[in-house]
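Note sheet for the following structure.
The values are calculated or read from the model by the stated rules, or taken from the named source; none is laboratory data. What you are looking at is a predicted structure, and each value in this text was computed from that prediction instead of being measured. Using ideal geometry, Cβ is built from the backbone for each residue, glycine included, and neighbour counts are taken over all protein chains shown. These accessible areas exclude ligands, DNA and RNA; they are computed on the full protein's heavy atoms, side chains included. Shrake-Rupley method; radii C 1.70, N 1.55, O 1.52, S 1.80 Å.
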Amino acid sequence: MNRSLVRLSPFHRRLSRILLSSTVDASVDRAGLPFEIGAAMCCDPFRRYTSSRVQPRSLWEGSSYETLLRKFESTLPDDSLEEAWEAFGNFKMLHGFPEQRLVSKLIASLSYSSSAHWLRKAYDLAIKISKEKPDLVRCESFSRLSLALARTRMPVPASTVLRIVLERGKIPSQDILSALFLHLVKTRIGSCLASDILIDICEYYLNNFCSSGTRKAKKINLMKPNTTIFNLVLDSCLRFGSLIKARQIIELMPQVGVIADANSIVIIAKIYKMTGERGDLNNLREHIDSISSPALSRQYWQFYDSLLCLHFKYNDVDAAAELMLDLFRRTRSLHSSRVLPRVNSNGSQTQCFLQVGSSNLRTGSRIIIDSLNLKNDFLVAAKGQSGLILFVDGKFLPSSKAIAKLINGYVKERNVDKLSNFLINVQKEADIVEVDLCSDVLHACIMLGWLDTAHDILDDLELAKIPVGANPYASLLNAYLKEKMWEESKVLVNQMKKVGFIVSVCDEHGESTCVVENIRANHLEKRTSNLVKKSDLLRFLELEDREYNLGNQLVYEFNSSILFFCKAKMIEDALKTLKQMRRRNVQPTVLTFSYLVDGYSSLGMYRDITILWGEMRRQMEYGMLAADRDLFDCLLWNFLRGGYFERAMEIINYMLKHNMYVDKWKYRREFLKYHENLYCSLKASDCRTDAQNRRLEYVRAFRKWSGIDR
């Protein structure tokens with residue numbers, strides 16, 4: 001064969017040009033032969049058929065390898081990423097990946113760039129390395145790349161790079177990990193990924209810590225995620241409404257031994273407020289009440305706000321009144337005395353425990369809480385509060401909204417005497433001079449037309465010898481006259497005279513009004529119903545009167561019972577509670593179904609979850625149940641474990657239909673963990689039944705969707 005007639009391919013021609021341009025001395029190589037001859041011999045596709053004791057590559061390999069390597073290494077310290085990337089590409093095309101040290105330097109240089117273009121190239125390179133040359137993966141450089149991607153709002157690539165590190169049994173340092181989570185949780189998708197990654201880290205820690213020796217356990221303990229990371233993720237779950245995921249993370253805290261701080265307590269209180277879990281917060285309140293630090297009091301007013309909101313959600317007006325009165329008393333005690341925090345005999349601050357999971361100590365667990373610890377690196381924002389408790393000038397004060405809820409609750413229950421007792425106790429024990437709460441309540445009741453209620457409160461205040469100004473009496477008397485309630489008017493006038501008021505009634509333009517003179521104060525006060533301003537309390541009371549619904553209270557009570565039974569693995573009792581819920585026409589919520597799914601899952605009853613999913617699907621189609629990503633995520637995870645791939649693909653389609661992010665990495669890992677070799681050698685022609693054929697079809701569909709099969 002005439003080799004001069006052989007036509008070189010474009011790849012071989014390009015390869016020859018790179019070698020010729022990169023050689024410092026192109027005339028002679030180390031073997032003493034002209035370099036062009038060596039390059040041509042290498043580029044010749046038929047060269048491999050020739051017999052020679054010297055391989056063709058040995059004629060030029062040393063020179064090209066060292067030359068390209070020096071050129072690549074010399075570009076790394078510079079700021080020119082274009083040159084570094086080109087030099088890396090030239091080297092890799094001939095010799096593959098360079099050594100780990102240089103690859104890490106390149107990834108670090110690309111990570112420091114603020115350009116999304118170079119960060120994307122760094123991400124692609126990291127993925128390629130993990131697949132083709134996994135021994136080049138270095139925890140430090142990959143962790144910094146993940147942080148850079150998270151900082152530029154690229155949560156999916158950031159989480160992928162971090163998971164590559166975690167799969168190799170490495171966990172970044174606490175500083176990098178905290179900064180990474182700080183940026184991840186800023187977006188909804190990032191919050192979902194941060195939650196899943198935190199769960200993965202905790203599972204890795206638990207699996208290795210429990211099975212390792214003492215020496216190794218100390219090293220692994222350094223990998224434990226700190227309190228700040230848990231706070232960041234829980235706070236993001238709260239902001240984006242991922243309550244199911246938040247509960248899962250809270251249950252992980254005692255398992256890994258994380259000590260909750262003041263921020264943790266506030267975040268957990270807010271989450272429990274939304275899920276309706278009042279019992280745990282009630283148990284924690286006694287410890288929080290003992291804290292007298294002004295700085296911590298500023299933080300814990302959000303805890304009291306959440307607890308008070310739960311009291312009203314359960315329509316427990318007595319508990320709400322007790323809490324509000326205690327806060328009034330707390331305000332006075334904080335200013336009159338400075339009580340030091342309780343300490344143990346060894347001088348350390350006391351800690352308390354919060355029971356999570358099952359209430360049974362054998363199956364449940366307890367979070368260790370250091371309520372006097374408030375880290376400055378993360379503070380819970382006051383957004384999203386109910387607005388029931390105000391912290392003003394170092395004082396806890398119930399807002400007008402809270403007072404309106406209290407009034408409306410007692411009036412609807414026909415317990416006006418309890419409302420009067422609350423007002424009397426506030427006036428006597430709270431020592432709040434700047435707020436005339438009794439007058440505000442009386443005026444609001446009068447303006448709403450609750451005249452009997454206002455009169456009853458006046459009677460109770462008189463019996464308790466609580467002084468009331470002339471304005472409430474005048475407003476009530478004017479309301480009686482306007483409604484032509486003559487008998488009530490006479491009773492009130494006699495009552496006013498006994499107190500010491502002189503009353504005169506006049507008729508102006510056909511409208512009866514009264515003038516009340518306070519003899520003791522020696523001044524005249526004239527008030528008509530037209531002159532009374534519409535206060536904030538009145539506006540909130542009107543709103544509460546319109547929105548009052550006892551059915552909302554039943555939802556929280558039923559959900560609380562179902563949660564209790566599911567935690568205790570008493571699934572039959574949970575289902576009986578669900579039937580009672582339906583009989584009373586109370587619609588199950590997302591939380592109701594999530595509790596039942598968790599209950600079934602803890603018992604391995606995956607088939608029952610498929611039946612429950614059918615009911616959820618019908619309710620969503622009728623618009624009676626909201627589509628929730630956390631609920632879909634929980635269902636998909638259980639269907640994959642149970643091997644129900646048709647149902648799993650249904651959930652995936654529902655999530656895509658509602659534009660919800662689906663974490664392919666997570667579900668691919670779960671599939672490979674439990675069903676890696678499922679139907680690998682089975683063909684459609686080998687299926688014996690239609691059911692087996694459909695199952696094979698859905699398994700293949702999932703493998704294709706998740707990226708297992710290309």
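Quick notes on this one:
- Helices (runs of 4 or more DSSP H) wholly inside region 435-507 containing at least 3 residues that are within 28 Å of F396 (Cβ to Cβ) and either touching a residue at least 12 places away in the same chain (Cβ under 8 Å) or in contact with a Cys (Cβ under 8 Å, 6 or more places away or on another chain) (or both): 437-447, 451-463
- Taking the numbered list (1) open to solvent by less than 20 Å² (accessible area, probe 1.4 Å); (2) over 29 Å from L193 (Cβ atoms); (3) not in a helix (DSSP H, G or I); (4) not acidic (D, E) in turn, T577 passes all entries but (3).
- Selection status of S601, within 27 Å of K664 (Cβ to Cβ) and surrounded by fewer than 22 Cβ atoms within 10 Å (Cβ to Cβ): yes
- Residues (at pLDDT 60 or above, open to solvent by 50 Å² or more (accessible area, probe 1.4 Å) and not hydrophobic (A, V, I, L, M, F, W, C)) located in region 317-356: D318, E322, R329, Q351
- Condition met for A158 (small (G, A, S), open to solvent by less than 10 Å² (accessible area, probe 1.4 Å), under 24 Å from T187 (Cβ atoms) and in contact with a Pro (Cβ under 9 Å, 6 or more places away or on another chain)): no
- Some residue of region 604-613 being more than 25 Å from I197 (Cα to Cα), out of contact with any Leu (no Cβ under 9 Å at 6 or more places or on another chain) and aromatic (F, W, Y): no
- Tally of residues being assigned to a loop (DSSP other than H, G, I, E, B) and surrounded by 14 or more Cβ atoms within 10 Å (Cβ to Cβ) across region 689-710: 1
- Lone unmet requirement of (1) more than 25 Å from I708 (Cα to Cα); (2) open to solvent by 10 Å² or more (accessible area, probe 1.4 Å); (3) in contact (Cβ under 8 Å) with a residue 40 or more places away in the chain for I189: (1)
- Any hit, region 107-130, residues being over 33 Å from the mean Cα position of the chain (by Cα), touching a residue at least 12 places away in the same chain (Cβ under 8 Å), in a helix (DSSP H, G or I) and over 25 Å from Y204 (Cα atoms): yes
- Among the candidates I288, I244, I268, residue that is farther than 22 Å from D630 by Cβ, of a type in the set (V, I, T), part of a helix (DSSP H, G or I) and under 25 Å from the mean Cα position of the chain (by Cα): I288
- Selection over region 246-256 of residues that are in contact with a Lys or Arg (Cβ under 9 Å, 6 or more places away or on another chain) and surrounded by 24 or more Cβ atoms within 10 Å (Cβ to Cβ) gives a count of 0.
- Some residue of region 647-664 being in contact (Cβ under 8 Å) with a residue 40 or more places away in the chain and in contact with a Lys or Arg (Cβ under 7 Å, 6 or more places away or on another chain): no
- The lone exception for M624 - which of (1) hydrophobic (A, V, I, L, M, F, W, C); (2) modelled with pLDDT of 95 or more; (3) not in a helix (DSSP H, G or I) it fails: (2)
- Filter result for E140 (more than 25 Å from Q255 (Cβ to Cβ), open to solvent by 50 Å² or more (accessible area, probe 1.4 Å) and either of a type in the set (D, E) or modelled with pLDDT of 95 or more (or both)): yes
- Matching residues, region 257-290, being in contact with a Ser or Thr (Cβ under 9 Å, 6 or more places away or on another chain), surrounded by fewer than 19 Cβ atoms within 10 Å (Cβ to Cβ) and over 22 Å from T592 (Cβ atoms): I259, H287, S290
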